[in-house]
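Asks: Below you'll find the structure I mean.
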Amino acid sequence: MLRSKKLLTVLVVIFTFSFFLQSIVTASDNEGIDKNIHGYALVEPVNVYASTSREAPILKSYDYNHPLVYQPYSSDWYIVEVIVNGNRYKGYINKDDVGNISEAQSVKGITLNNTNVYSSTSIDSPVLNNYEKGSIIEYRSYDTDWYMVTVNDNDKEYTGYIPTNNVETITNKPIEGEIGVIESTKVYSNPSLDANIIKSYQAGQLLSYRTFTKNWYEVKVYINGEAQTGYIFKNDVNKVLEGYAAKNPTIVYSDTSENSNILKVYKKGKLLAYRPYNSNWLMATVIVNGTNQTGYIPTSDVSTYAPSIQSTALKSPTYVYSKTSRKSLVLKSYKKGDILNLTHYDDNWYQATVNVNGKKETGYIDVNDVMVIPVTKDPGYNIPILMYHQIGDNPHPNEYGRYVTEQNFKEQMEYLKAAGYTPINFDEIENIKNIQKPIIITFDDGFEDNIVAYDILKDLRDETYNPKATFFIIGSRMDENNYLSLEQIKEISSSGIISIQAHTMTHPFFNDGENAGNIDLVKEIKEIKLLLEDITGKKVSAIAYPYGSYNNTVMNEVKKYYDFAVTTKPGIANTNNNHYELQRVRVSFSTTLEEFKKLIDK
């Protein structure tokens, strides 16, 4: 028995030690990884990354002054264990973000209540100063319970102390984005719910923002035409909204790209919950293999209105009930085979409008009592519309999404020729059924380096191949430094290779919630068309929305003057798509030839 206990003890020790070894992520040439270091978050926030890169996914974040335990990993990184959703992960902290508390730099924050500055780390000590709730002050770490501040009195500086729970630190790494508004979202003059309300927004709007603290966003608003900084409480935005799947199927993607993985598929009419993400995408939580995952739905694929469906009655009689219950009052009945126009209500019921004694009533039909009549649709013709911006070999890494190298572009164009693609202009779409493998090549903004693309296409032209491309030009930037000149535009337009089309007059952001009313749509949409037609002597029939931003007002104005409009929404365009919301295929600096082939061959 004693021997068995000893054996069991040995096994437990071995198992524990082996589990400990497995929990440590090791790498070659890393020293001292078994030594714990006790430090503090010296910036706001300190992020724990999934790998040794600030571009990697963030596993967890810590507030300024938070005590941390980590281990050496490399010259620039520490390794740390974090728990996320009950699971343990190894993550990485940049060495610049943490350290000894005495090394902490001053930061700014907002007071969460009326805050006293004490002469020592005790609330019983004399008060040196006082700040109102919502004040922005500067301080630095002292210990886990106190921050140290400098107080000026009669031109003399004194060191004082404030409790750490009295302030919220402003992030030193603000993130910009768009937020969805609930009804009604208030903008405050200071980051405090007690501050003055300087503006309000209604449900459904998207606002550009910068993160300010963990509980506040900073936004720019216009009051009587004057720009002013305001603050929105995070709980007032990005609320869960509801809508119906408007396409069949409606797809939830793993990323904001229709080329990304498909997480989930819903039938048309399914009631969905989601949050605003940006002007083109919604964010939704879906369950995949029993695990919650974040996915993305194109905004155009959902609707706040229940979609209509045509169905046929399966029973004789098929009842319309007054409520979503077979025990409720029957409003009307139909014979088997009758055609019914319904709308989705939920997973179990359709909604119907019926006449009862000359009065319209809303009723409900069990989904099992009818059969949806499938709609046959012309599949249309696919047209990959390639989206480029600039050509260059050494862009800044932040610009990789806008650039393509000269060599890569040349190889891509040579592939199109060899693979039998026919580059066309927008005005040739009406004849697309007679064109073999049509494709449209577009460049946005009208940069001068686009001449490189023109030269490459010109060199590919021969008796059997006539390459074409479309340059979307910003009217106000012609003849400016780094942009095409008037003479260059005339020359390439007359070549028969380049079609000059519109990219507005000044490149505005049409979805700017604050400034949209000040945008001259006639100038941006109509006058640029007339200007370019005057320069080239050719029809301008297509426009590219700046930043991919547009709305119904803009689209309705575009429809007055153009036959086509392109977005930045990713995907292959189809002739059955709305001609004023055409998708494009973005080609970037990192796109390999094999990736390029896959992007357009879908």
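Asks: How big is the dipole moment of segment 389-516 about its Cα centre under a simple scheme where the beta carbon of each Lys and Arg is +1, that of each Asp and Glu is -1, and everything else is neutral? Debye, nearest 20, please.
Replies: Dipole size: approximately 480 debye.
Asks: Here is a further query. With equal scatterers on the alpha carbons only and no solvent term, can you work out the Debye log10 of I(q)/I(0) for the chain at 0.05, 0.08 1/Å?
Replies: The Cα Debye sum returns log10 ratios of -0.34, -0.83.
Asks: Report in % the part of the accessible area of the chain that belongs to carbon and sulfur, leaving out ligands and nucleic acids; probe 1.4 Å.
Replies: Roughly 46 percent, rounded to a whole number.
Asks: Oh, and also: Given H placed on each backbone N at 1.01 Å, which residues far from Y545 in sequence or on other chains put an amide H within less than 5 Å of it?
Replies: The answer is V566.
Asks: Which length gain, in nm to one decimal place, applies between D153 and K95 when the Cα-Cα distance is subtracted from 0.36 nm times their residue separation?
Replies: Extending this stretch completely gives an extra 17.2 nm.
Asks: Something else now. I need the Debye-formula profile for segment 363-427: one equal scatterer per C-alpha, no solvent, reported as log10 I(q)/I(0) at q = 0.20, 0.23, 0.24 1/Å, two decimals.
Replies: Reported log10 I(q)/I(0), two decimals: -0.98, -1.09, -1.11.
Asks: Separate question: Checking the table K199/K560; K437/K458; K410/K569; K173/K247 against a 28 Å threshold on Cα-Cα, which pairs fail?
Replies: As for pairs spanning more than 28 Å Cα to Cα, those are K199/K560; K173/K247.
Asks: Still on this model: Excluding ligands, DNA and RNA, what is the solvent-accessible area per residue of the chain at a probe of 1.4 Å, expressed in Å²?
Replies: Accessible area per residue: 53 Å².
Asks: Positive end of the charge dipole of the chain (Lys, Arg +1 and Asp, Glu -1 on Cβ, about the Cα centre): tell me which of M555, Y217, A273 has its Cα farthest that way.
Replies: A273
Asks: Still on this model: Counting other Cβ atoms within 10 Å, keep those with at most 14, restrict to DSSP loop, and tell me which GluC sites (Glu not before Pro) in segment 91-197 are left.
Replies: Qualifying residues, ordered by number: E132, E183.
Asks: Summing +1 for each Lys or Arg and -1 for each Asp or Glu, what net charge is found among the other residues whose Cβ lies under 13 Å from the Cβ of I93?
Replies: Numbers: positive: R54, K60, K90, K95; negative: D76, E81, D96, D97.
It works out to a net charge of 0.
Asks: Apply the membrane-span-like helix rule to the chain: whole DSSP H runs, Cα extent along the own long axis of at least 20 Å, mean Kyte-Doolittle hydropathy at least 0.5. List the helices found.
Replies: 2-23
Asks: Further, regarding this structure: Between the alpha-carbon centers of segment 487-502 and segment 384-432, tell me the distance in whole angstrom.
Replies: A separation of 17 Å, based on Cα centres.
Asks: Rank Y465, F233, V149 by how far each Cα sits towards the positive end of the charge dipole of the chain (+1 on Lys, Arg Cβ; -1 on Asp, Glu Cβ) and give me just the farthest.
Replies: F233
Asks: Apply the Kirkwood formula to segment 393-509: the hydrodynamic radius equals the inverse of the mean of 1/r over all pairs of different alpha-carbon atoms; give it in Å with one decimal. Walk me through the numbers on the way to the answer.
Replies: Details: mean 1/r = 0.0659 Å⁻¹.
Radius from the Kirkwood sum: 15.2 Å.
Asks: Also: Tell me the trypsin sites (Lys or Arg not before Pro) within segment 431-519 that lie in a loop according to DSSP and have at most 15 other beta-carbon atoms within 10 Å. Could the numbers behind the result be given before it?
Replies: On the way: sites: K433, K458, R461, K468, R477, K490; in loops: R461, K468.
In loop regions of segment 431-519 (DSSP not H, G, I, E or B), the sparsely surrounded trypsin sites (Lys or Arg not before Pro) are R461.
The values are calculated or read from the model by the stated rules, or taken from the named source; none is laboratory data. Not measured: the values here are computed from a predicted model. Counting neighbours? That spans all protein chains shown, and the Cβs are built from the backbone with ideal geometry, glycine included. These area figures cover heavy atoms from the full protein model, side chains too; ligands, DNA and RNA do not enter into them. Shrake-Rupley method; radii C 1.70, N 1.55, O 1.52, S 1.80 Å.
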